[in-house]
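The structure appears below as structure tokens.
Read the figures in this text as sums done on the coordinates, not as results from a lab. Everything quoted here is computed from the prediction, not taken from an experiment. Here Cβ is always computed from backbone atoms with ideal geometry, including for glycine, and neighbour counts include all displayed protein chains.
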Amino acid sequence: MATITEEPAAATGVEADKARSHWARAWARFRANKLAFASLIFCALLIVTALAAPWIAPYHFSETDPDARLAPLLTDGHLLGTDLLGRDIFSRLIYGLRTALFVAFGAELASLVVAILIGLSAGYIGGRVDQGLMGITDVMYAFPSYLFAIVLVTVMGRSLWAVMLAIGISSWVTQARLVRAQVLTVKEREYVEAARSMGASGMTISIRYILPNAIGPLLVTTSFAIPAAIGAEAGLALLGLGVQPPTPSWGSMISEGTSYILAAPHLLFLPATLFALTLLAFTWVGDGIRDAFDTSGEDR
Amino acid sequence: MADVTVRPDGAGSGPGTDTEPVDGRLIGVDHVDKVFSTRAGDVHAVRDVSLSVRRGETLGLVGESGSGKSTMARLMMGLMAPTDGTVTFDGVDLSTVRHGDMRRLRAQMQMVFQNPYGSLLPHYSVSANVAEPLRLHKRGDKRSRRQRAIELLTMVGVNPRFADHYPRQFSGGQQQRVAIARALALEPKLLMCDEPTSSLDVSIQAQVLALLDELRAGLGLTLVFISHNLAVVERFADRVAVMCLGQVVEIAPTEILFDSPRHPYTQQLLAAVLPVSKDPLPAPATPWQPEAGDLPLREVAPGHYVRDCTT
Amino acid sequence: MSSASSLEVEDLRTEFVLRDRVLRVVDDVSFTVEPGQALAIVGESGSGKSVAMRSVMRLLPKTGRVAGGQARLGGTDLLGLSERQMRKVRGRDIGMVFQNAMEALNPTLTLERQLTEHLLWHGICDRAEAKRRAVETLGDVGIPEPEKRIRTYPFQLSGGMRQRAMIAMAMVTQPSVLIADEPTTAVDVTVQRQLLDLLARLKARGTGVIMITHDLGVARYFCDDAIVMYAGRVVEHSPIRPLLAHPAHPYTSGLFSSTLEVGARQRALRPIPGSPPDLAHRPPGCAFHPRCDRAEERCGQEDQPLLPWSGNGSDLVPGTVAETGRPTDERTDDRADERTGRREVACWKAVQHG
């Protein structure tokens, strides 16, 4: 069979000479955003620090130095000083970072998995399944999340897992609703019908076609949920509902610091500053991701 | 590039009623109804449609928005089940086909959609898009599928140099070529074209039509060609069915339908077309109020069926 | 301004400022719309036809700017007006009709509000008179029971009725010029004809109409003159009937032979190869030359100015005339002949052979 006449090179109907995937394009846009990229490097450093805490921190977080209580900044052996019990602030900040990130990433990852499972089933299957699942979601949504956390921590004790669960539970609900809404939008796209007409099964359609196209907005909300979870962890600790001492948390460090604000202001300012910087950096990364996926005005 | 010409009409007659020899028809639609239940009440999208698509022919399906022609396409493709009546493909009643067999049957009927960009997977390169049906039906390995995809892209006139580009990087006409290549990957018997050119620029429409014309002749395809553009259907179809309010009001071989339309709705449609070169300009047609009745389809000449109407 | 002023656009240039470069989207476009006349702007996507109109209306997106030229309406250069003065022109002196009424009408307001708003804003009349005119206009566009329908919301109307309501909105202030951007593309053929006849009534009252379209049948039915745009430039300017009977520019004749027509089965369908260029990669010289089967070396080197043309195109496009025949209608031929002196084409070959 003859082929259609080859088109002249100047009018091939192809926009650019380079093949670029959706992800490559989003990454290029993210790279171009200086603030977001710098924030990403900062966040990466934080994550590495948290992972390598036992090797970076000079002391264990519960190790006390009875000779140096409430030591000021730049004390020999205690760069950032010590607290009332003589524990090294620098080490406790690093371990506090570890707690914060562990709880935040754990909670958001778990809630993402739950949200995708529930949102995808509700959106793709529809009908009764949708009504049932969304009913549960709505009930959860209406439940005040701090109340839930108090109940959980009371029942499970002040463990890392309880805190993670308490935060994750209030987070998956919004995510699941978003996944469902995305699935409903993508499901109506012609390429899903095209896939059905090619003989694709329901499972293939939802995982290979719908999910990758719904994931952009999900990634954006997740990137904003991380700093929110870091905040929530500190908030719970501030209320005395966080992880069990002596495991350090920035929340409990801030709360302790307020008591010695005149005698040792660094006890408050150091964790508070680090907390604020971390939240800001993660939020800016989120902003960058959102803008990177925002294709308005570029896509046909 | 080849000119599009009208091919001689296929043999046989009848709109797909019982007189049609069973082996001559690829698709049989028998007294099919489709009702959608919505909050605002039931919508009768298709009512009592019977027609057939013969092997190797191109059946044009024309009608205005809301006439039920796109619903007909999906019923014929087995993408939705009729509320009443039967649809057969290659002699098999689609309502009796089990899930797994249905998937195999789908390989023999492929669809080309109105909006090419919307129907291609945005996160796959065009060669992956074309290879996707082969992957779904487990044909060959990854390398042979890609090889085949590139052959198909070449066949429809897409430069294989751009095989790894993504659909959004192509113009509308090129995207539609990719969609056609994908539809041909499984070597289907039937190509269902749902307004394949109406989202494209005029000069590109002609290219895609010429391509489809070349392909159907070369591959011996059976086509169902759905369009609201009467000129395109006239040029492209062997037989034409006119739909209005979910019913077929007239079926005839193309030349007969366009030269001597019998149903007032067909006459009204043809009178509304604004010519580009012919004179005189058509006089405004006497408006005919579409009606959904239960009046029968009658054979007025061999192969020419017209629905009775009250006016 | 009186309702009998003409719109004269001269050497209009519009650019889009992107991050790293400036794109010329409309390049030296000139045309005139006389009162009671209709001009078709024919072109494909990316030809700049909609941007040209938005430039005249001063409704460009933030990245767009008019880089030169004039758009005079009854002696006033619209491009020199302040935004405040321009707001007075829009809706009162120039009306606009869009392809999709659902997007152009405000779904939260009743037809009454939307129709009377223009009259009241521009201080054309008082509320009672505005309402009377709104009802009258709705009746004019063929909406049954206008006194009742005026209280409905756009989404309560069917597609055809909505399109009529939008036309009514553009008509109610009796503008000097109406810009219609593919007004019938989204409607069924039977409705298309009714809408065009409606617009024709407006034309008969002295409004000049600019119709952006890619449908040559619509252009021929409704318009008097046409400009054909390709890659931001006008390639041909002509009365509509001679244009279609004897296209001078190879692109025009390509468009013509790409267009299928009911009852012209024997006419050969000859697609133009390739796609329209995107403006970032505008070919040098005549932008059409890479797709043109008659292109010579010179076409890719020299810009092609619009030059007067008086031929019949038969040398340039063999077959077209013979196969389609000249229009047989005597009346239209007379009208065509009156205007043949005004044909212009941007192709040196056409000029030489014409």
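Overall form of chain A: oblate. Here a/c, set by the Cα gyration tensor axes a ≥ b ≥ c, is 1.5 or more, and a/b is not larger than b/c.
I'd like the projected area of the range B:59-177, averaged over all directions, using the convex hull of its alpha carbons. Report it in nm² with one decimal. Each step should come with its number before you reach the end.
Working: hull surface 36.8 nm².
Over every viewing direction, the Cα hull of the range B:59-177 projects on average to 9.2 nm².
Applying 1/(1 + (r/R0)^6) with r as the Cβ-Cβ distance of B:LYS142 and A:GLU256 and R0 = 60 angstrom yields a FRET efficiency of 0.50. Placing +1 on each Lys and Arg Cβ and -1 on each Asp and Glu Cβ, with no other charges, gives chain B a dipole about its Cα centre of roughly 1640 debye. A simple charge model with +1 on the Cβ of Lys and Arg, -1 on the Cβ of Asp and Glu and nothing else charged puts the dipole of the protein assembly as shown at about 1480 debye relative to its Cα centre.
From the helices alone, meaning DSSP H stretches of at least four residues, give me the mean residue ellipticity at 222 nm for chain C, per-run term -39500 (n - 2.57), in deg cm²/dmol to the nearest 500.
Computed mean residue ellipticity for chain C: -9500 deg cm²/dmol.
One quarter of the convex hull surface built on the alpha carbon atoms of the range A:170-300 amounts to 11.0 nm², the projected area averaged over directions. Simple rule: put +1 on each Lys or Arg Cβ and -1 on each Asp or Glu Cβ in the range A:80-293, find the dipole, and look at A:PRO245, A:LEU211, A:TRP161; the Cα lying farthest toward the positive end is A:LEU211. Loop-located chymotrypsin sites (Phe, Trp or Tyr not before Pro) in the range C:15-111 (DSSP state not H, G, I, E or B) with no more than 16 neighbouring Cβ atoms inside 10 Å do not occur.
Please order A:ILE116, C:ILE94 by the number of other Cβ within 10 Å, starting at the fewest. List each step's numbers first, then the result.
Details: A:ILE116 20, C:ILE94 26.
Listing A:ILE116, C:ILE94 from fewest to most nearby Cβ atoms yields A:ILE116, C:ILE94.
Amide H contacts of B:GLY63: B:SER227, B:MET243, each under 5 Å away and 5 or more positions distant or on a separate chain (H built 1.01 Å from N in the peptide plane; Pro and chain starts excluded).
Using the Karplus relation 6.51 cos²θ - 1.76 cosθ + 1.60 with θ = phi - 60°, the per-residue 3J(HN,Hα) values for the range C:222-231 come to 9, 9, 9, 10, 8, 10, 9, 10, 9, 6 Hz, with x marking Gly and Pro.
Which of rounded, prolate, oblate describes chain B, given a ≥ b ≥ c as roots of the alpha-carbon gyration tensor eigenvalues and a/c under 1.5 marking rounded, otherwise prolate only if a/b is larger than b/c? Cα axes put chain B in the prolate bin.
Please give the direction-averaged projected area of the C-alpha convex hull for the protein assembly as shown, in square nanometres with one decimal.
Over all viewing directions, the protein assembly as shown projects a mean Cα-hull area of 47.5 nm².
With contacts defined as alpha carbon pairs under 8 Å and 6 or more residues apart, what's the relative contact order of chain A in percent? Computed value for chain A: 23 percent relative contact order.
Phi angles across the range B:193-202 convert, under the Karplus curve 6.51 cos²θ - 1.76 cosθ + 1.60 with θ = phi - 60°, into 3J(HN,Hα) values of 10, 9, 6, x, 10, 6, 9, 9, 5, 3 Hz, Gly and Pro given as x. How high is the FRET efficiency between A:ALA276 and C:VAL17 when r is their beta carbon distance and R₀ equals 35 Å, given to the nearest 0.05? Working from the Cβ atoms, E equals 0.35.
Taking the helices alone, chain A has a mean residue ellipticity at 222 nm of -22500 deg cm²/dmol, built from -39,500 (n - 2.57) per DSSP H run of at least 4 residues and averaged over all its residues. Note on chain B: with a GNM built from Cα contacts shorter than 10 Å, the maximum mean-square fluctuation among B:GLY28, B:GLY246, B:GLY41 falls on B:GLY41.
The residue among B:LEU61, A:THR273, B:SER260 whose Cα reaches farthest toward the positive pole of the charge dipole of the protein assembly as shown, with charges on the beta-carbon of Lys, Arg, Asp and Glu, is A:THR273. Between B:LYS189, B:LYS142, B:LYS34, the GNM of chain B built on Cα springs shorter than 10 angstrom shows B:LYS142 fluctuating the most. Here's how it looks for A:LEU80: its modeled amide H is under 5 Å from those of A:LEU74, A:ILE89, A:PHE90, which are all 5 or more places away or on a different chain.
Of the residues A:GLY251, A:GLY157, A:GLY132, the one that moves most in a GNM of chain A with alpha-carbon contacts below 10 Å is A:GLY132. The chymotrypsin sites (Phe, Trp or Tyr not before Pro) of the range A:181-246 include none that meets both criteria, a DSSP state outside H, G, I, E and B (loop) and at most 15 other C-beta atoms within 10 angstrom of the site's C-beta.
As a rough footprinting exposure proxy, the listed residues B:LYS278, B:LYS69 were ranked by other beta carbons within 10 Å of their own, and the order from fewest upward is B:LYS278, B:LYS69. Helix-only mean residue ellipticity at 222 nm, chain B, DSSP H runs n ≥ 4 weighted -39,500 (n - 2.57), per residue, nearest 500. What is it? Calculated from helices alone, the mean residue ellipticity at 222 nm is -9000 deg cm²/dmol. By other beta-carbon atoms within 10 Å, ranking C:MET229, C:MET53, A:MET140, A:MET203 with the fewest at the front produces A:MET203, A:MET140, C:MET53, C:MET229.
Each 10 Å bin from zero holds the following percent of Cα-Cα pairs in the range B:174-262: 15, 48, 31, 7, 0.
Since only A:LEU101, C:VAL187, A:SER170 are under comparison, the one whose Cα sits farthest along the positive direction of the charge dipole of the protein assembly as shown, derived from C-beta charges on Lys, Arg, Asp and Glu, is A:LEU101. Look at the alpha carbon pairs under 8 Å that are at least 6 residues apart: their mean separation over the length of the range C:7-223 gives a relative contact order of 28 percent.
Applying Stokes-Einstein at 25 °C and 0.890 mPa s to the Kirkwood radius of chain C, computed over alpha-carbon pairs, gives a translational diffusion coefficient of 115 µm² s⁻¹.
With just the Cα atoms defining each centre, how far is the range B:88-154 from the range A:190-206? Give it in Å. Centre-to-centre (Cα) distance: 10 Å. Converting phi to 3J(HN,Hα) with the Karplus coefficients 6.51, -1.76 and 1.60 and the offset θ = phi - 60°, the range C:15-24 yields 10, 10, 9, 9, 3, 10, 7, 10, 9, 7 Hz in sequence order, with x at every glycine or proline.
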